[in-house]
1. Got a sec? Which residues in the stretch 417-443 would a label at residue 405 touch, if it sits 7 Å along Cα→Cβ and we count backbone N under 18 Å?
2. Based on Cα positions only, what radius of gyration and what Dmax would you give for the chain, in angstroms?
3. Run the simple label-point estimate for residue 79 and residue 215 please: 7 Å along Cα→C-beta, distance reported in nm.
4. Toward the positive end of the charge dipole of the chain, about the Cα centre and with charges on Cβ (Lys, Arg +1; Asp, Glu -1), which of 259, 479, 345 goes farthest?
5. Tell me, what is the percent relative contact order of the chain, built from C-alpha pairs under 8 Å that lie six or more residues apart?
6. Applying a 10 Å radius around every beta-carbon, put 124-137, 306-319 in order of their mean neighbour count, most first.
7. Could I have the simple spin-label model distance between residue 385 and residue 71, label points 7 Å from Cα toward Cβ, reported in nm to one decimal?
8. Distance from a point 7 Å along Cα→Cβ of residue 486 to each backbone N in the stretch 430-452: keep the residues under 18 Å and list them by number.
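None of the figures in this text is laboratory data; all of them are computed from the coordinates on show. Source: prediction; values computed, not measured. As a convention, Cβ positions derive from the backbone with ideal geometry for all residues, glycine included, and neighbour counts pool all protein chains shown.
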Amino acid sequence: MSRAVRVRFAPSPTGYLHVGGARTALFNYLFARRHGGVFVLRIEDTDRERSTKEAVDAIFEGMRWLGLRWDEGPDMGGAHGPYFQSERLPRYAEAAERLLTEGKAYRCFCDPEDLRARREAALAKGEPPKYDRKCLAIPAAQAAARGATEPHAIRFQIPEGETSWDDAVRGVVTFQNATLDDLVILRTDRHPTYNFAAVVDDSAMEISHVLRGDDHISNTPRQIQVYRALGLAMPVFGHVPMILGSDGTRLSKRHGATSVTEYRDAGFLPAAMVNFLALLGWAFDGEREIFTLEELTQVFSLDRISKNPAIFNHEKLEWMNGEYFRALPLSTRVDLVVAHVRKIGALPDSALADRSMLEQAVTVVGDRMKRPEHFLDYAAWLFVDRVEPEAAPWADLLAKPLAAARLRKLADTIATVEPFEHDAIEQAARGLATDEGVKAGEVIMPARIALTGKKVSPGIFDVILLLGREKTVKRLRDAADRLEAAASAATA
């Protein structure tokens, strides 16, 4: 690659770091690292009404959590700063003035309300809502004189013809210029619009490749024309596919969490999130799906990016997070579980004091736990004095006339089994089923419900070991008592 690679992620600080923005940042980061280039973070904060410091901090926080370290940016400087657009206003004014002087832009004095009415009228007629170039007819000298006292915007005049570029992802893309509007480049408050500021900044920061979502494709012909008008070298454009929800519509809140920090707070691991985001619209040459960030930097390439929209599959993210979670050392998994339980206030600290028991419990829950919050879904029974079975499992037990008797027999068996170990307990329980002339499930399932309150739990013999002999026997007999009481009440 003859030109030094310099890429940028340029979010607007109007909210948290969206997963779509995070995926764009990741692709830029990987491309820069793969080619020994520079990854720039620029904050496009010229929307003064919506930009906030809290949103800037949230962007920094999300990027750092994902491990996407930038080489130049607002908090660390660089040779091409400043990196807040709001601090670069003189550069935009200078570029706009140059376009005015060269007759490539003009002052627009149209009232915003009048412009809105004209747009609505065009739409009502089924016509494209383009600016009608009313102010282009004003002689330049007259416009300059009026501009000294009247509020006005500056518009860029789109030339005739067509605009084409060879997109690094989509191939050759062509727009007819007749479909493009004379875009405003400076608003009446002298702040630039996105399409103008992006060009001025990308050129000044020597950006070699602009990699962004394909919702920006319609902006590209406008930006290319501004590049040409200013006589600036153009970057390579690459538009990555949009991220859609499972229903095929653009990813939004109705599909669940959309900000990176929401996933962090829900217990997802940054390594899993990075791996998952990388596979949204990009694929390795093969079936491999698990990559570290470092491995991704070694294999990422633009030619493996799909042109088709990517589907955000929450189930796959859960699966992938489980793969990363289970690969952590046991002590780390326990720490994460304890931190989550304390955060939600689900258990007193005294219940979390037995580290050895927690390590056993986390091990027993095993593959069922894909995030720390899943621990109590499968192990809450361990921390209560008395289990309250869920309605459906309890109804199943009530429908089994011999369930109470078998629970008592199992309690007597557990009370005397030696040694009190997994294999001995399993052998005794299965032996009871044989003596009863039933399948093992007719003993094991009632025991599962009696001990955990659920039909789904870790292995029943692991459950018995974790509870210990005394608690197990007590719960089995208690469940038998309650079943018999319910049966008596039903026949009374």
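1. Counting backbone N atoms under 18 Å from the label point, the list is 431-443.
2. Answer for the chain, Rg first and Dmax second: 32.1, 106 Å.
3. If labels sit at residue 79 and residue 215, their model points lie 3.5 nm apart.
4. Looking along the dipole axis, the top candidate is 259.
5. 12 percent
6. 306-319, 124-137
7. 6.4 nm
8. What the label zone holds, given the 18 Å backbone N cut-off, is 442-452.
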